[in-house]
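Beneath this line is the structure, given in structure tokens, with notes to follow.
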Amino acid sequence: MLAFHLPIHTIDGQFLSIIIITSYMAEAKKTRTRLSPEVRKNLILDRAAELIANEGVSALSMERLGREAGISKGLVYAYYPSMKELLQTLLRREYKRLRILQNKAAESAETFEQLVRRVTAAYLTYMEERGLILDRLASEPSLEDHGDPTEYSRETAVLYLAKVVRDNFGIDMSVALPAVDISFGMPAAAGHYLTRHNVSRQTIEDITVTMIIGSIEALKQKYETSLKPLVKKPIR
């Protein structure tokens, strides 16, 4: 706080001394939270996902992403040298998050029906919430080789489910593996249908689960009579 006298000459020739008191406060120095590179990279991807969902991929530019994320365009380029790399990274992140949710769903299941239903529900719920982002990313020419969510870690997931089918239905891996691999695309087809039609997610989930379980049950019956290797003993 400052106080000083200001002399003022009045009309009658007198001087008045006015005490002026001023107070000031130095503006608090704004401290910027220093984010780690990983956090900042994810922040950029978050803003990109929001823009894609609201306005489409064409709305993206490095300059706008920097503005939305509160950083410079140069820093965006430092993390993602090209728009193609940024979009590919965003798509892989979406697929990874989806696969983690499905893995958790699978681990919580106690029956085969629960396994199929919970994994399918996790997929369809994600599509309902973020399917628009995935669809718009998948339609980009630069991402045409990354357009199917089921392709992410597909081999590991298919092998896991094939072993479940083998162990619970007595179907040999030579049959279980291609059967699971073929049916693995059903949730993706269901997700596409869900995002393009005004239909209940529960309805699509029920249809998908019925088709997957029905195909495995039919395969088990067929395997016992037609596909299972015949055990032959020598004729005496």
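Once both labels are positioned 7 Å from their Cα atoms along Cα-to-Cβ, the gap between residue 172 and residue 93 label points is 4.7 nm.
Projecting label points 7 angstrom from Cα along Cα→Cβ for residue 211 and residue 85 puts them 3.9 nm apart.
Reported value for the stretch 102-202: 103 Å³ per residue, from the convex hull of its C-alpha atoms.
In plain terms, the chain from residue 77 to residue 114 could stretch by 8.8 nm, reckoned as 0.36 nm per residue minus the Cα-Cα distance.
Panel order for 192, 197, by other beta carbons found within 10 Å of each beta carbon, from fewest to most: 197, 192.
Taking θ as phi - 60° and the Karplus parameters 6.51, -1.76 and 1.60, the scalar couplings of the stretch 196-205 work out to 10, 9, 7, 9, 5, 4, 4, 5, 5, 4 Hz in sequence order, x denoting glycine and proline.
Candidate cross-link partners of residue 163 among the aspartates and glutamates, defined by an alpha-carbon separation under 20 Å and a same-chain spacing of 8 or more, comprise 107, 110, 113, 151, 155, 172, 181, 217, 224. Relative to one another, the C-alpha centroids of the stretch 176-204 and the stretch 101-142 are positioned 9 Å apart. The residue 104 and residue 233 beta-carbon pair, evaluated with R₀ = 41 Å, returns a calculated FRET efficiency of approximately 0.30. For residue 73, a cut-off of 14 angstrom between C-alpha atoms picks up these aspartates and glutamates, skipping any fewer than 8 places away in its own chain: 63.
Taken together, the values in this text are just the output of simple stated rules run on the coordinates, not laboratory data. Since the model is a prediction, treat every value here as computed from it, not as a measurement. In this analysis, Cβ positions are derived from the backbone assuming ideal geometry, glycine residues included, and neighbour counts consider all displayed protein chains.
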